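Below is one structure, written out as structure tokens; comments come after it.
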Amino acid sequence: MTGPLVVLVGPMGVGKSTVGELLAGRLGTGYRDTDADVVATAGKPIAEIFYDEGEDHFRALERAAVRAAVAEHTGVLSLGGGAVLDESTRALLAGHPVVYLSMDVDEAVKRVGLNTARPLLAVNPRRQWRELMEARRHLYTEVARTVVATDERTPEEVAQAVLDALELPDGAPSGRENTP
Ligand code: S3P
């Protein structure tokens, strides 16, 4: 199956972008992030899309961004934390090397805390994060080929665990180089 070499899913703040960029470097390939694609398409930050047009509009842009990225990108791809809510996105991911980066609630609050760039956690991060995870944990698990826990691990350690879990050759250009 062609498509991304690695697809990272998981909740906001788990480190998908940091780990994804490290992985792309280790694999000698490109990095792409559907949040960045949505921001580029909309021409404004995610918090403003939520505020101006609402979450449904954001999810439609996100669905299209995931489709385009899975079709076009052959490097490392990170999906926004809520992308797996969409059933057709979950179906699209079947068969791809999807890794669920997980973390527990204490780690989540430490990492995302009061970050207002993430509108879904703006009011009560701990409670909202728990609710989000209750609704989503099974969806991350459903789409993932493997789960990598990030608690108390550095981004480098997480990247290594992803390479090990997917049995990807470390540092060896894969011949699937990609310009982001
Ligand atoms: C969201 C996660 C965010 C972003 C948006 C909604 C979510 O992406 O897509 O704020 O619903 O969990 P990150 O997971 O990259 O922060």
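Every number in this text was worked out from the coordinates using simple rules, so none of it is lab data. Computed from a prediction, not measured in an experiment: that's the story for all the values here. Every residue, glycine as well, gets a Cβ built from its backbone with ideal geometry; the counts of neighbours run over all protein chains shown.
What per residue convex hull volume, in Å³, comes out for the chain when only alpha-carbon positions are used?
Numbers: hull volume 18.5 nm³, N = 180.
Convex hull of Cα atoms, per residue: 103 Å³.
Counting only DSSP beta bridges whose two residues both lie in the chain, roughly 0 percent are antiparallel.
As a rough footprinting exposure proxy, the listed residues 88, 78, 102, 17 were ranked by other beta carbons within 10 Å of their own, and the order from fewest upward is 88, 17, 102, 78. The base-10 log of I(q)/I(0) for the range 1-54, evaluated at q = 0.23, 0.25 Å⁻¹, reads -0.96, -1.03 [Debye formula, identical scatterers on Cα atoms, solvent excluded]. Across the range 33-150, the mean sequence separation of Cα contacts (distance under 8 Å, 6 or more residues apart), normalised by length, yields a relative contact order of 28 percent.
Order by neighbour count: 73, 96, 57, fewest other Cβ atoms within 10 Å first, most last. Don't skip to the answer; put the middle values down first.
Details: 73 21, 96 17, 57 13.
Starting with the residue having the fewest Cβ neighbours, the order is 57, 96, 73.
Axis of helix 55-72 versus longest Cα principal axis of the chain: the two differ by about 10°, to the nearest ten degrees.
Counting Lys and Arg as +1 and Asp and Glu as -1, each charge on the Cβ, what is the dipole of the range 6-166 about the Cα centre in debye, to the nearest 20?
Here the range 6-166 has a charge dipole of around 120 debye.
Here the residues 101, 22, 77, ranked from fewest to most Cβ neighbours within 10 Å of their Cβ, fall in the order 22, 101, 77.
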